[in-house]
Amino acid sequence: MTMETRVAGVLLAAGEGRRLGNPKALVELGGVRLIDRGVALLREGGTAPVVAVLGAAVVELLGVITVHNPDWRTGMGSSLAAGLGSVPVSAEAAVVALVDQPLVGSGSVRRLIAAYRAGARVAVAAYHGQPRNPVLLAREHWSAAIALAAGDVGARPFLRAHPDLVTLVECADTGRPDDVDTPDDLARIAAIVAAAESAAS
């Protein structure tokens, strides 16, 4: 494997955010839309190109391959298929991230790519030993991951079916995988972001 091997980023951002009351892609956190935070996560982590899978919301994004998933209502599985299916052939692996986890840090993406460069074919960010997101998949595993993805699950069935392939990469010091599913989640995470920005200023 050469250092020139490209790793794409795939951001799953098609959901309607039923419990939030707005499509998650459009929800703002600290004045920044979740979709823009997700794109930045993947870019800053070193992936290129970035593919964003949309559904409930139409979003204009510069320098991003946007894909509309017509089956977005069926859940994350169809979005994973749409995203991986739209990655250019020049990329030999992809890091898959979720739009509703804004506390995930770009350091996790960099670590997954480093694990891939070191020989891992499937790498999963772990937080205190627990596998979460993002997830890196080498291209040879995409079809199998898509085949097992159904309903509102993405790569998880594939990962559980092939534990021997998975390299866990500890990322607890790079961020947190908290989900934004409800207004209470959003308020709690907004407070964390505000505190972090205040400490950094």
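Just so you know, all these numbers are worked out from the coordinates, no wet-lab data involved. Values in this document were obtained by computation on a predicted structure and should not be read as measured data. Note that we place each Cβ from the backbone using ideal geometry, even for glycine, and neighbour counts take in every protein chain shown.
Before moving on, here are some points about what is shown:
- Rg/Rh ratio calculated on Cα atoms of the range 6-200 (Kirkwood radius): 0.94
- The P(r) of the range 70-151 has a tail past 19 Å containing 40 percent of all C-alpha pairs.
- Dividing the C-alpha radius of gyration of the range 96-201 by 2.2 N^0.38 Å, with N its residue count, gives 1.16.
- Nitroxide proxy distance, nm - points 7 Å out along Cα→Cβ at Asn22 and Asp184: 2.1 nm
- The chain - percent relative contact order, Cα under 8 Å, separation 6 or more: 24 percent
- Our helix-only sum for the chain, with -39,500 (n - 2.57) per DSSP H run of n ≥ 4 divided by its residues, gives a mean residue ellipticity at 222 nm of -9500 deg cm²/dmol.
- Amide H to amide H distances under 5 Å link Gly105 with Gly175, Arg176, where only residues 5 or more positions off or on other chains count and H is placed in the peptide plane.
- Two-decimal Rg/Rh across the range 1-119, once Rg and the Kirkwood Rh are taken from alpha-carbon atoms: 0.97
- Relative contact order of the range 140-201, defined on C-alpha pairs under 8 angstrom at six or more residues apart (%): 15 percent
- Gyration tensor verdict on the range 152-200 (Cα atoms; rounded if a/c is under 1.5, prolate if a/b is larger than b/c, oblate otherwise): oblate
- Within-14-Å neighbourhood charge of Val166 [Cβ basis; K, R +1; D, E -1]: +2
- Residue-count net charge about Gly17 - beta-carbon cut-off 10 Å; Lys, Arg +1, Asp, Glu -1: 0
- Order of Ser86, Ser108 - criterion: other Cβ atoms within 10 Å of each residue's Cβ, fewest first: Ser86, Ser108
- Between Asn22, Asn133, Asn69, the Gaussian network model of the chain with springs among Cα atoms under 10 angstrom shows the greatest mean-square fluctuation at Asn22.
- Net +/- balance of residues flanking Ala56 in space, Cβ distance below 9 Å, scoring K and R +1, D and E -1: +1
- Phi angles across the range 154-167 convert, under the Karplus curve 6.51 cos²θ - 1.76 cosθ + 1.60 with θ = phi - 60°, into 3J(HN,Hα) values of x, 7, 4, x, 5, 4, 6, 6, 10, x, 5, 8, 7, 9 Hz, Gly and Pro given as x.
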